[in-house]
1. What's the number of the condition N192 fails, among (1) touching a Lys or Arg at 6+ places or on another chain (Cβ under 8 Å); (2) buried (at least 22 other Cβ atoms within 10 Å of the Cβ)?
2. Just name the residue that is modelled with the lowest pLDDT out of those in segment 16-34 that are among the acidic types (D, E) and surrounded by fewer than 10 Cβ atoms within 10 Å (Cβ to Cβ).
3. Enumerate the pairs (first residue in segment 76-91 and over 13 Å from M106 (Cα atoms); second residue anywhere and assigned to a helix (DSSP H, G or I) and aliphatic (A, V, I, L, M)) with beta-carbon separation below 6 Å, excluding pairs fewer than 6 apart on the same chain, so at least 6 apart or on different chains.
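The values are calculated or read from the model by the stated rules, or taken from the named source; none is laboratory data. Quantities reported herein were computed from a predicted structural model and do not represent experimental measurements. Using ideal geometry, Cβ is built from the backbone for each residue, glycine included, and neighbour counts are taken over all protein chains shown.
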Amino acid sequence: MAGYKARLQRDLDAWIEGGLVPADNRAAILDSVADGRRIDASVALGVVGALLLGIATIAFVAANWGEIPRLARFVLILAVFLGVTGAAAWAARSDARPILTNTLLMVAALVYAAAIGLTGQIFDIAGDPQRALRSAGLAAGLLAVAGRSSGAAIAALVLIGIGEFAGRFDGGNTRWLIFAAPVGLGLAWLWNSKPLAHVASLALIVGLVALISLYERSWGPAGFLAGAAALAGLAGATRQLSDRRTAVIFMLWFVWGALLLFAVSGFDEVKGGLLIAHRAAWLVLAGGAVALGMHDRQPMITAAGVVAMIAGVCAILFDLGLGLMTAAGLFGACALIALAAGFMMRGRAKA
């Protein structure tokens, strides 16, 4: 995908040709725009290789666990962790190695997570897997903040997310992801990290679902409706900040999450008039998402609206008790109507 400066260069040529911009200003305008950092294939392969090397180290130690003396196990784990963090600290001394620093800190977070479980096996310490995963996630978060590493922050959210579902859902469980995800969103905004923005947004949705499931018996469908409303409000707020790419990523995920939670709210103890109202609102919201995506030129929001509309129509057909052949015929007729309308509109546009 072409960067902003490349698109600006083409636009300037067209504007100069049309007499809108003086040709003498072309160089000054292009010099005022910084070149965006582009990650080539070698760097991407290096990052993947570093991650695989860290995982391979953990797998090697685990595979030879029975043949390594107890003290040597602990020293080996500690040496690997200190070696990776030391390498990250060395790379952080030079501003020219931000990707290497980020990758090493992410590997260090994974090594630390593995070290918790392996150390427990060394000294025969019985522990709670959920607590171990959350502790590893907290340590990864501290590494992320200390080294400004979006990779370590992603590892932290993933570890906490896995720990969220490591135990059974009961009244005694607490939910950490709903508190960790906003921190990840804030770090993604401050560091302008698109990968972290994706993971943190998804973590917020998953954490919200986990929180609602904790009180589902007492809240009922109202919990999912409240969650959908909260995500819709966040989507509207981030839409006002759409000049930054991370805000756009937030908005896309929040729209998808809001539509998902609203759809789920209509399948639990909803009958009669409330069911009809829910299905009607479902279609209206889906159409609104399609219109919003087309207006803002955000194809992912348009796709969310289309998927939600298809799912809503399927839910209505299921409510009516229609068979698969009837549903297929109905969708086929709608498809023919849409195609015919599209061809007519295209013909008028050409005329």
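1. Answer for N192: the failing condition is (2).
2. Within segment 16-34, the match that is modelled with the lowest pLDDT is D31.
3. I77/A115; I77/L118; V80/V111; A91/L100
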